[in-house]
Structures are given as C-alpha cells and as structure tokens.
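Asks: Here you go, one structure.
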Amino acid sequence: MGVVKSGDAEKYVAAPPEGIFLFLVYGPDAGMVRERALTLVGKRIDDRHDPFQFVEMSGDEVAADPLMLLDEANTRPLFGGRRALLVETGSRSILTALTTLIAAPPEDCTIVLSAGALRKDSPLRKIVESAKGAVAIECEADSDQDLNALIDRSLREAGLVASPEARALLVEALGEDRLMSRAELAKLALYMHGRERISAEDVEAIVAHAARIASDRVVAAAFAGDAAATMDAYFAQGGDATTLLVGALRYVITLHRARLAMEREGGRLDPGMTMMLRAGFGYMMHRALIEAQLRSWTSARAGALIDPLREAQTRARAHAASARMEAERSLWRVARAARH
C-alpha cells in the first residue's frame, strides 16, 4: 500500500490502521526500529508476553523453511483472540515466504518485519510497498530535535532538571540508538534517586560515552593549540588523567591516518573527514574544527607525537601518582606543536 515516511512514523505506529496485516519497519537505528516494531505488536494483541499471542522469529529460519511463516500466521491462539509475529530479517531472502503470505493473508494475525537500512529498490521494500494490506515504515536516526524531545520527556517523567552543561553533554552522548538512549536516561534517573538537579559530573559518571566526550574536548582543544582552560576545567571536575592520555593517543593515531589518506589523494579533504567521523570524533567536535585540524596538521607532524604520547601513557599507568603530570605535559606539548 505504500510507505510511511520517517517524520510520520511515530504518529502512525501509535495508531496503525486496522486494514494492514503486514508491516515492514526499517532503518539505520536498530533500537528505534525494534521499539516501533514492538509498539505495533502491542497495538494488535493484548499481551506481548503470552507465547500463544506473540512469537518472534528469525528471518534466516523463515528463509530455510518458507512454510514456517505461513503456519505460524494461521495458528490460532489457544484461548482465542488475535496473534502477532515479529520477524527480524537477516542476510537470507524471505521473499518466497512473503509471496505466499501476501497471496493468502491470515485472519486475526499481524506480521511485523524488522530490517536495517534498505535502498529504495530493495526487493523486500518493493514487495511490501506494492502489496495490498501491507506498508513499509521508514525509521531515520533521531534528529537533534527528536533527541532533545526524548531527553525532555524522560527527565520530566523522572522529576529531574539538567544544568545547561549536563544537557549539552547528554545531547552529545546520546542519539546513536533509540533504545540505548532510553536505557542510558533510565540509568541516569536511577543514579539520581533522591536528587533533582543533574550536573555535568553526574552525566559523566553514569552515561556511556559522556566521560570520553569530556576528555575528547580537552584533546581537541590541544590539537587546536590551546590546552589551558579546557584541561583545568577537566581536572577541576575530577577528570581522569589516564583517560585523557588514551584519548590523545587515539586522536593522534586517527589524525595521522586521516592525513596519510588525504596526502594519497592529493590533499583532498573528503577521505580524511570520513576517517575522522568513522572514528567517532564527530560527537565532540564541530565539522569546521575537524576540517581546520586536517588542514593544519601533516602526517609527519602528527606521526611525530605518537611515540611520545604512547610512552607517557605507559608511564602514567605504571605510576598513578604522576599520571596527571604526564597528561598535562603531553597535552602542552601537543598544543605547542599545533601553534607552530
């Protein structure tokens, strides 16, 4: 019957039309895809935990035995009522099973297919989009607006208020996966039990990726030629020196490889940007800052810092008392190299 675009998907899955028996939920955010698939299931049956009403199936199993899907779809619940199937598609084609199912739709059974990102000409999309009683639901990753709305809703429900610094850190640390974002926010709410105001330190202490983002900010500033203010703030908030050194080494290795890729392509920026973003540095740096550092550093200058940073990290791990001194000395060295 067609496609539900990502912007309309949330509203659609909250009230799916009764005339649809087959849904394909797809997109790059696996957590969002599963969340919406389960929401559809919950709208069609009374109890998702009842094995007679709800069955999860592997797409590879269905591909190996196409009649399995038809048998499950036409099985009646033991105590009556409606039934739902959730099929997580894999690498093997389930088109044979779907063709049979679409030709003879089951009564009182909803089938929800979940998949990763699919091209417009994907055979799975084409068969669902063209079938009567079927619809494909697009799930793009959360936009900044979506993520802010999710944070607002979660904090409001938990009776929490985040400081501007804590909120900015949450936005940077979350958003890769809808279910993971919800889990991290739930974990934060549990951690804040008995308190109302969330600080940046609270986020760094409990939310995955947040501590790394805090240290990566210091590293980014050092590679731009200024380590003083960010490093002082980092240690004032209880930042870990070894984490800082690990982050600096990870960054300089990635920067070195990115510059080598650019130099092989005649200085073209795209290969270097792709490498930096794939390494995860887009979460803590604006694109303009990454571009500026790729232009200002050479592979030789970045490569010259790898061994000194590796040695400083080894010394800091061996002698915890001197870890902060090693981190400060190393980041000042990076900042001096950046300025010159």
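Asks: Filter the stretch 157-166 down to the residues that are in contact (Cβ under 8 Å) with a residue 24 or more places away in the chain and closer than 20 Å to A214 by Cα, then identify the one that is farthest from the chain's Cα centre (by Cα).
Replies: Among those residues, the one meeting the criterion is S163.
Asks: Give I127, I137 a once-over and let me know the one that is free of Cβ contacts under 8 Å to residues at least 60 places away in the same chain, touching a Ser or Thr at 6+ places or on another chain (Cβ under 9 Å) and either of a type in the set (G, A, S) or more than 30 Å from S296 (Cα to Cα) (or both).
Replies: Of the residues listed, the single one that is free of Cβ contacts under 8 Å to residues at least 60 places away in the same chain, touching a Ser or Thr at 6+ places or on another chain (Cβ under 9 Å) and either of a type in the set (G, A, S) or more than 30 Å from S296 (Cα to Cα) (or both) is I127.
Asks: Here's another thing I want to ask about it. With modelled with pLDDT of 85 or more and not assigned by TED's automatic domain parsing to the domain that holds D202 as the only criterion, which of R287, R278, R264 stands out?
Replies: Matching residue, one of R287, R278, R264: R264.
Asks: Now for a different question. Hey, any hits in the stretch 87-105 for a residue that's out of contact with any Lys or Arg (no Cβ under 7 Å at 6 or more places or on another chain), within 24 Å of V4 (Cβ to Cβ), among the charged types (D, E, K, R) and buried (at least 21 other Cβ atoms within 10 Å of the Cβ)?
Replies: No, the stretch 87-105 contains no residue that is out of contact with any Lys or Arg (no Cβ under 7 Å at 6 or more places or on another chain), within 24 Å of V4 (Cβ to Cβ), among the charged types (D, E, K, R) and buried (at least 21 other Cβ atoms within 10 Å of the Cβ).
Asks: Looking at the stretch 232-245, I want the residues that are in the same structural domain as A221 (by TED's automatic domain parsing) and have a partner that is of a type in the set (K, R) and at pLDDT 85 or above with Cβ atoms under 7 Å, at least 6 apart or on another chain. Which pairs are those?
Replies: Final answer for the pair search is F235/R324; A241/R324; T242/R317.
Asks: Does V41 fit the bill of being touching a Lys or Arg at 6+ places or on another chain (Cβ under 7 Å) and closer than 25 Å to G7 by Cβ?
Replies: Values: touching a Lys or Arg at 6+ places or on another chain (Cβ under 7 Å): yes; closer than 25 Å to G7 by Cβ: yes.
For V41, the condition - touching a Lys or Arg at 6+ places or on another chain (Cβ under 7 Å) and closer than 25 Å to G7 by Cβ - is met.
Asks: Specify which of the listed residues (G303, G272, G266) is surrounded by fewer than 20 Cβ atoms within 10 Å (Cβ to Cβ), free of Cβ contacts under 8 Å to residues at least 24 places away in the same chain and not aliphatic (A, V, I, L, M). So that I can check it myself, show each step before the final result.
Replies: Numbers: G303 fails: free of Cβ contacts under 8 Å to residues at least 24 places away in the same chain; G272 fails: surrounded by fewer than 20 Cβ atoms within 10 Å (Cβ to Cβ).
None of the others qualify; the one that does is G266.
Asks: Further, regarding this structure: Report yes if R92 is within 20 Å of R34 (Cα to Cα) and without any contact (Cβ under 8 Å) to a residue 24 or more places away in the chain, otherwise no.
Replies: Spelling it out, it is not the case that R92 is within 20 Å of R34 (Cα to Cα) and without any contact (Cβ under 8 Å) to a residue 24 or more places away in the chain.
Asks: Out of the stretch 171-188, which residues are in a helix (DSSP H, G or I) and either in contact (Cβ under 8 Å) with a residue 60 or more places away in the chain or not hydrophobic (A, V, I, L, M, F, W, C) (or both)?
Replies: Restricting attention to the stretch 171-188, the residues satisfying the condition of being in a helix (DSSP H, G or I) are 171-173, 178-188.
Passing the criteria: E172, A173, R178, L179, M180, S181, R182, E184, K187.
Asks: Turning to a different aspect of this structure: Can you tell me which condition G225 does not meet? The list is (1) small (G, A, S); (2) in a helix (DSSP H, G or I); (3) modelled with pLDDT of 80 or more, and all the others hold.
Replies: (2)
Asks: Can we say D152 is modelled with pLDDT of 85 or more and within 21 Å of G31 (Cβ to Cβ)?
Replies: yes
Asks: Also, quick follow-up: Any idea which of (1) free of Cβ contacts under 8 Å to residues at least 40 places away in the same chain; (2) closer than 29 Å to E140 by Cα is the one R76 doesn't satisfy?
Replies: It is condition (2) that R76 fails.
Asks: The conditions are (1) assigned by TED's automatic domain parsing to the domain that holds R329; (2) in a helix (DSSP H, G or I), and D202 fails exactly one of them. Which is it?
Replies: It is condition (1) that D202 fails.
Asks: Next up: Touching a residue at least 24 places away in the same chain (Cβ under 8 Å), buried (at least 17 other Cβ atoms within 10 Å of the Cβ) and among the polar types (S, T, N, Q), is that true of S154? Outline the logic, then answer.
Replies: On the way: touching a residue at least 24 places away in the same chain (Cβ under 8 Å): yes; buried (at least 17 other Cβ atoms within 10 Å of the Cβ): yes; among the polar types (S, T, N, Q): yes.
It is true that S154 is touching a residue at least 24 places away in the same chain (Cβ under 8 Å), buried (at least 17 other Cβ atoms within 10 Å of the Cβ) and among the polar types (S, T, N, Q).
The values are calculated or read from the model by the stated rules, or taken from the named source; none is laboratory data. Every value quoted in this text rests on a predicted model; they were computed, and no experiment measured them. Glycine gets a Cβ as well: all are built from the backbone with ideal geometry, and neighbour counts include every protein chain shown.
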